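In what follows, a structure is listed as C-alpha cells, so that the remarks can point back to it.
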Amino acid sequence: MSSDTTTKIPEAAAAPPPGAATPKRRVPQGHQRLLTRRDRIALGLMAGLPTILHVALVWVTALASIALAFTTWDGIGFDSIQWVGLRNFEELFEQNPQFWPAVEHNVIWFVVLIALPTPLGLFLAVQLDKNIRFSRVYQTAFFLPVVLSMAVIGFVWQLVYNPDTGLINSIIGANEPGRYIDWIGDPDLNLWAILIAASWRHTGYMMILYLAGLKGVDPSLREASALDGANEWQTFKNVIFPTLRPTNTVVLVVTIIEALRAFDLVYVFNKGAEGTELLSILVTNNIIGESSRIGYGSAIAVVLLVISLAVIIPYLVATFRKERRA
C-alpha cells in the first residue's frame, strides 16, 4: 500500500517590477543624543574655568617668578623692573647670612621626618593591618591631625609649649619663676619643638600611606612564609617590607616635599625668627615683607623650585617607565 507525500514549496518573494527603485533598509543606529548649545556651554565652563585658573595661578606665576629672579623690583609699577642677571643669586649664595642656615634647617626637617614619624607610621600601619578591634577608631584618631590645617596645629602646640600654663612645663615643673623653659623663644630648642609638632601630624600621614600599601600585599605570601616556619618579624622583614617598595618611594618623595614646603607651622610659632629660618620663610619675608625685594625673593623661590624638581622628575620618570613596561 503506497501513500503520496505532498511537499509544499514556499513561494518565491515577489520581485520588484522592472525599473522600480529598490527600497533602502533602515540601519538601527542606537540611542544617540547630540549635545545642545546649552550643554556645550556648560561643558566649556566646567572644563575651561579650572584650566584657566590653573594656568594663571600655577604656570604663569611660576614662569613669572623665574623671570623676576633675574631682576630687581619693588612691586610698584612695572616700569621699575630692572634686569640684573645673576646678581640676586650671587648675593644669595655669598652674602645672605640666613640662606645657608635655612637650607640646613630644611635638611634637618627632612631627616627628622624620615627618621621619627615615618617608622612610627609604619609601625602603626602594621598593627592596624592585623584587623584588631576598634581599628577604624584608631585610624581616625591617628589620621585626625592630618585633616587639621598646619595653622591650627601651630595654635594647639603653642598652648602646649606655653612657658606659664603649657602642658609640658606644668608636667616637668618648669613653669615657676626662675625655672621657665621657653620652648619657642630659645634658639637651641625652638626648631626641635616645632619638629615634634610636625612629626605629630606626619605620623598619621605615613600611617595611611603604609596601610594602603599593606592592604595590597598578596595574602598568599604571608601563608607561604608561615608554612616555611618564619615568625612575624621574619615575615615582615623578608616578605612584606620588600613588597612595599613602591610605597616607600611615595613616602620618600612626599617627605621631601613636606620638608621643602614647610612654612605654616613655623610662621605661626615665631615667623621664622631666632633659629627657625626656612627657605619658604625667606621667600615670604623678601616678597611681602617690609623691604619688598620681589626679585630677590623670586631668586630664593627658584632655588626651592630647582631642589623640588630634582626630586620630583626622577620619580616621575621611574613611574612612567614602570607603566610602559607593564
(request) For ILE171 and VAL254, calculate 0.36 nm times their separation in residues minus their Cα-Cα distance, and state this gained length in nm to one decimal. (result) 26.4 nm
(request) Can you tell me the relative contact order of the chain? Whole percent, Cα pairs under 8 Å, sequence separation 6 or more. (result) 25
(request) Please list, in chain and number order, the residues 5+ apart from THR71 or on another chain whose amide H is under 5 Å from its amide H, with Hs placed from the backbone. (result) VAL84
(request) Kindly report, to the nearest 10 Å², the accessible surface of TYR138 as traced by a 1.4 Å probe over protein heavy atoms only. (result) 90
(request) Work out the charge dipole of region 33-164 with +1 on the Cβ of Lys and Arg and -1 on the Cβ of Asp and Glu about the Cα centre, then indicate which of ALA69, PRO50, PHE89 is farthest towards its positive end. (result) PRO50
(request) Once you've got the GNM for the chain with C-alpha springs shorter than 10 Å, pick whichever of MET206, MET150, MET46 has the biggest mean-square fluctuation. (result) MET46
(request) Please name which of SER298, ALA273, VAL311 has its Cα lying farthest along the dipole of region 265-326 towards the positive end, using unit charges on Cβ (Lys, Arg +1; Asp, Glu -1) and the Cα centre as origin. (result) VAL311
(message) Taking the Cα centre as origin and putting +1 on Lys and Arg beta-carbons and -1 on Asp and Glu beta-carbons, what dipole magnitude results for the chain, to the nearest 20 debye?
(response) 2220
(message) Considering only C-alpha atoms, what is the centroid distance from region 49-72 to region 98-172, in Å?
(response) 33
(request) Quickly work out the ALA47-to-VAL147 label distance, labels modelled 7 Å from Cα along the C-beta direction, and quote it in nm with one decimal. (result) 3.5
(request) Order THR165, THR249, THR276, most accessible first, counting only protein heavy atoms with a 1.4 angstrom probe. (result) THR165, THR249, THR276
(message) Can you tell me how region 190-326 classifies by the Cα gyration tensor, rounded, prolate or oblate, using a/c under 1.5 as the rounded cut?
(response) oblate
(message) Quick check on the chain: take the gyration tensor over C-alpha atoms, sort the square-rooted eigenvalues as a ≥ b ≥ c, and tell me if it's rounded (a/c under 1.5), prolate or oblate.
(response) oblate
(message) Need one number: nm distance between label points at THR72 and LEU221, each 7 Å from Cα along Cα→Cβ, rounded to one decimal.
(response) 5.9
(message) Please list, in order along region 84-90, the HN-Hα scalar couplings obtained from phi with the Karplus expression 6.51 cos²θ - 1.76 cosθ + 1.60 (θ = phi - 60°), rounded to whole Hz, x for Gly and Pro.
(response) 10, x, 8, 5, 4, 6, 4
(message) Let me spell out the model: positive unit charges on the Cβ of Lys and Arg, negative unit charges on the Cβ of Asp and Glu, origin at the Cα centre of region 187-236. What dipole size does that give, in debye rounded to 20?
(response) 240
(request) Kindly write out, for region 312-320 in residue order, the coupling ³J(HN,Hα) from the Karplus curve 6.51 cos²θ - 1.76 cosθ + 1.60 (θ = phi - 60°), rounded to whole Hz, with x marking Gly and Pro. (result) 6, 4, x, 5, 5, 4, 5, 5, 5
(request) Between beta-carbons, use under 15 Å as the cut-off and find the net charge around GLN95, counting Lys and Arg +1, Asp and Glu -1. (result) -1
(request) Name all residues of region 171-189 having a backbone nitrogen under 14 Å from the label point set 7 Å from the Cα of GLU274 along its Cα→Cβ direction, giving them as ranges. (result) 180-189
(message) Which one, PHE269, PHE241, PHE134, has the greatest fluctuation when you compute a Gaussian network model over the chain with C-alpha springs under 10 angstrom?
(response) PHE134
(message) Connecting C-alpha atoms closer than 10 Å in a GNM of the chain, tell me which of PRO242, PRO119, PRO187 has the biggest fluctuation.
(response) PRO242
(request) Over region 184-292, give the accessible area per residue in Å² for a 1.4 Å probe, as an integer. (result) 49
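The values are calculated or read from the model by the stated rules, or taken from the named source; none is laboratory data. Just so it is clear, the structure is predicted and the values come from calculations on it, not from any experiment. Neighbour counts run over all protein chains shown; Cβ positions are idealised from the backbone, glycine included. Just the protein is used for accessible areas: all its heavy atoms, side chains included, with ligands, DNA and RNA removed. Shrake-Rupley method; radii C 1.70, N 1.55, O 1.52, S 1.80 Å.
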